[in-house]
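One structure is given below, encoded as C-alpha cells.
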Amino acid sequence: MTPIHAAAEFTHRNLLGAGFTVRLLLRTLGRVHYLPRRMRFTLDQCFAAGVRALPVTLCVATVAGMILALQTGIELRRFGQQSIIGSVTALSMCREMGPFITSVILAATVGSAMAAELGTMNVSDEVTAIEVMSVDPVDYLVLPRVVGLTVMCPLLTIFSNMVGIFGGSLIGASNLGVSTQFYWRSVQESLMTPEHLLPKDVYTGIVKAVIFGLAVSVVSCSAGLRAEGGALGVGLAVQTAVKNSVILIIVLGLITTWFFYYLQIT
Amino acid sequence: MIELRDVHKTLGGRPILKGMSFQVPTGTTYVLMGRSGIGKSVTLKHLVGILKPDRGEVLVDGVNVPSLDSEGLKDLRRKMGYLFQNGALINWLTVAQNVSLPLEEHSRLPRAEIRERVMRTLHLVGMDHAADLFPSKISGGMRLRAGLARAIVTEPRYVLYDEPNAGLDPIIADQIHRLIVEVRDRLGVTGLVVTHSRACAFTVANRIGVIDEGRIAEEGTVPEMRASTSPLVRAFLGGGSD
Ligand SMILES: Nc1ncnc2c1ncn2[C@@H]1O[C@H](COP(=O)(O)OP(=O)(O)O)[C@@H](O)[C@H]1O
Ligand SMILES: [Mg+2]
C-alpha cells in the first residue's frame, strides 16, 4: 500500500466515522421523547458517572487550582499584585479549567467505559439482538448514556470549580501571604456581578460543560457502536473514544470561548 | 415459508455468500451445516434484515426482506425469534429481565402475566433456578438457554437458532433438541438451525443443507443425508465424531 493510498484510506475512514457520529447525535436528539421510558437507565448512568469520576475529578481539580494559584501568584508577586490571586484563580477555574478538567476526566473514565461496553455489545451481537427485538439501540443504549453525561458534566464542573478555588486558597495562604478571608472576598468580587443573577463567568463555564458532556458521550457511544472484530476492536474503540473526545473538548472549548468572550454573545 | 434465491454477499472485501439458495416450508425445520466462518451466521442475519444481500432475494412469507421499510421490518421481526450465537444477552439485565425484554417493549401484557410467561419459558429451557442471575455469573450453556428462552417467549412463527447446543453437555443438548422439535410440532414454528452437531441435525431436521463455497452444496432429508456418500456430507454427518 502506497503512502498516498494509506492517507486516502485514513481520511476516508475518519470521514465515515465523523458522519456516523453526527448522525448518531441527530438520531439521539430525535429520540429525546423516549427519555421518560428510559428514566431508570438514565439515572443509573448519572449515578455511575458520578461514582466513577467524582473522586478523580476532585483530586485533579484541587491540584489544578493550586498550580494555577502558584504559577500566576509567582508572577503577580513580582508586581506586588498577589492580592488579586483569588479572582485570577476563580476566573480561570470557572471559565476554562473547571469544565476542561472535568470533561477530560469524564472522557477517560466514563467515556472510555461507554465505548468498551457498547463495543463489547457490538462485537458479541448484543446490539444486533436488541435491533432484532425491534428495540432501537439509539433510544435503548445511547440516549440514557448521552443524557446522563450531559447532566453530570456540568454538575461535576461545579464541584471542580469549588475545590479548584479552594486549592488556590491553600496556596494563597501558605505561599503567597494572602489570607484566606481576603482570598475569598476577592473570589466573590470577581464572580458576583450585581446586574446578573448568575455571573457570566460561571454560566458560560457551565454551558461549556454541557456541550463537552454531550460531545464526549456521543463520540464515545459512536466509537463503541462502530467497534468490530472482537476484543482487539473493543480496545481500539476505547482508544478512538478518548482521543476524539479530548480533541473535541479542545476544539469546542476554543469555539465556545470565542463565541462568549470575543463575539460577546450573552 | 422462508426462501433464499441466489443470494450474494461480500463482507470486508471477501465474497461470503455466492449464490445461496434454499427453501424452508412453513412448519418445518431446516438445518444448516458448514465449516466455521463459511457464512452461516451471515445467512441468518439476512433473514431479519440486519444484512442486505448484494444480489438475490430473501423471502419470508413471500415478502422480499431487503425491500422492507422500517415499519415492515418491525412487523417481520415481531414474528421472528432469533437465538444468537453465545446467546447475546444484555449483561446488565438478569436472565429473567433479558427474557422479558421483548414482551415489555412491545406487548401490553400486565406485569404479572409477563413474569408468568417468562418463568414458564425459562422452565421449558431448564433455567428457572437461574432467573435472577446476571449473564456474567452463568455458564456459556446457560447463557445459550436463556437466549433461547428470549427467542421463543414472544411465541414467534419463525425461529432462527444459531448454534443452539454449543458448549452444552449431551443431556442438556438433547433436552434443547427436543424443545426445538416440540416448538415446531406444538406451535407450528418454522425453524432454521445452524449446528455442528450430528445428533442435533438428525433430531430436529426435516431437511439438512451443507454449505460450501458460499452456497448450499448438498441438501436432502435426514434419510437421504444419512445415506449420502459425498465426502462433504460424510465430514459433517458421518460416523465418528459428533
Ligand atoms: N459485519 C462483517 N463485516 C466483515 N466481515 C464479516 C462480518 N460478519 C461476518 N464477517 C465474515 O464473514 C465470514 C462468515 O462469518 P459467519 O457467518 O459468522 O461464519 P459462521 O459460518 O461460522 O457462522 C467470516 O469470515 C467473518 O469474518
Ligand atoms: Mg456463526
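The values are calculated or read from the model by the stated rules, or taken from the named source; none is laboratory data. None of these values were measured; they are calculated from a predicted model. Quick reminder, even Gly has a Cβ in these numbers, built from the backbone with ideal geometry, and neighbours come from all protein chains shown. In case anyone asks, the SASA skips ligands and DNA or RNA and just uses the protein heavy atoms, side chains included. Shrake-Rupley method; radii C 1.70, N 1.55, O 1.52, S 1.80 Å.
Tabulated data for the structure shown
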| read-out | value |
| --- | --- |
| Within region B:102-119, considering residues that are hydrophobic (A, V, I, L, M, F, W, C) and either without any contact (Cβ under 8 Å) to a residue 40 or more places away in the chain or open to solvent by 10 Å² or more (accessible area, probe 1.4 Å) (or both), the one nearest to ligand 2 (Cβ to nearest atom) | B:V118 |
| Enumeration of residues in region B:187-203 that are at negative phi and more than 12 Å from the chain's Cα centre (by Cα) | B:L187, B:H196, B:S197, B:R198, B:A199, B:C200, B:A201, B:F202, B:T203 |
| Unique residue being open to solvent by 10 Å² or more (accessible area, probe 1.4 Å), out of contact with any His (no Cβ under 8 Å at 6 or more places or on another chain) and free of Cβ contacts under 8 Å to residues at least 12 places away in the same chain when the list is B:N91, B:N64, B:N86 | B:N64 |
| Region B:20-49, subset in contact (Cβ under 8 Å) with a residue 60 or more places away in the chain, assigned to a helix (DSSP H, G or I) and hydrophobic (A, V, I, L, M, F, W, C), residue nearest to ligand 2 (Cβ to nearest atom) | B:L44 |
| Any hit, region B:117-139, residues being away from chain A (no Cβ under 14 Å), within 25 Å of B:H196 (Cβ to Cβ) and of a type in the set (K, R) | no |
| Of the criteria (1) within 13 Å of ligand 1 (Cβ to nearest atom); (2) in contact with a strand residue (DSSP E or B) (Cβ under 6 Å, 6 or more places away or on another chain); (3) not β-branched (V, I, T); (4) not in a helix (DSSP H, G or I), which one B:N86 fails | (2) |
| Members of region A:110-145 that are under 19 Å from the mean Cα position of the chain (by Cα), aliphatic (A, V, I, L, M) and within 20 Å of A:V32 (Cα to Cα) | A:M114, A:V142, A:L143 |
| Helices (runs of 4 or more DSSP H) (entirely within region A:1-92) containing at least 2 residues that are open to solvent by 40 Å² or more (accessible area, probe 1.4 Å) | A:3-29, A:39-78 |
| Top-ranked residue in region B:31-58 [being of a type in the set (K, R) and crowded, with 19+ Cβ neighbours inside 10 Å; ranked as farthest from ligand 1 (Cβ to nearest atom)] | B:K45 |
| Test for B:E182: is it open to solvent by 10 Å² or more (accessible area, probe 1.4 Å) and without any contact (Cβ under 8 Å) to a residue 12 or more places away in the chain | yes |
| Within region B:1-19, considering residues that are within 14 Å of chain A (Cβ to nearest Cβ) and on the phi > 0 side of the Ramachandran plot, the one nearest to ligand 2 (Cβ to nearest atom) | B:G12 |
| Tally, over region A:212-233, of residues that are surrounded by 24 or more Cβ atoms within 10 Å (Cβ to Cβ) and farther than 20 Å from A:V22 by Cβ | 0 |
| Of residues in region A:162-180 being under 30 Å from the mean Cα position of the chain (by Cα) and open to solvent by less than 50 Å² (accessible area, probe 1.4 Å), the one farthest from A:A64 (Cα to Cα) | A:G172 |
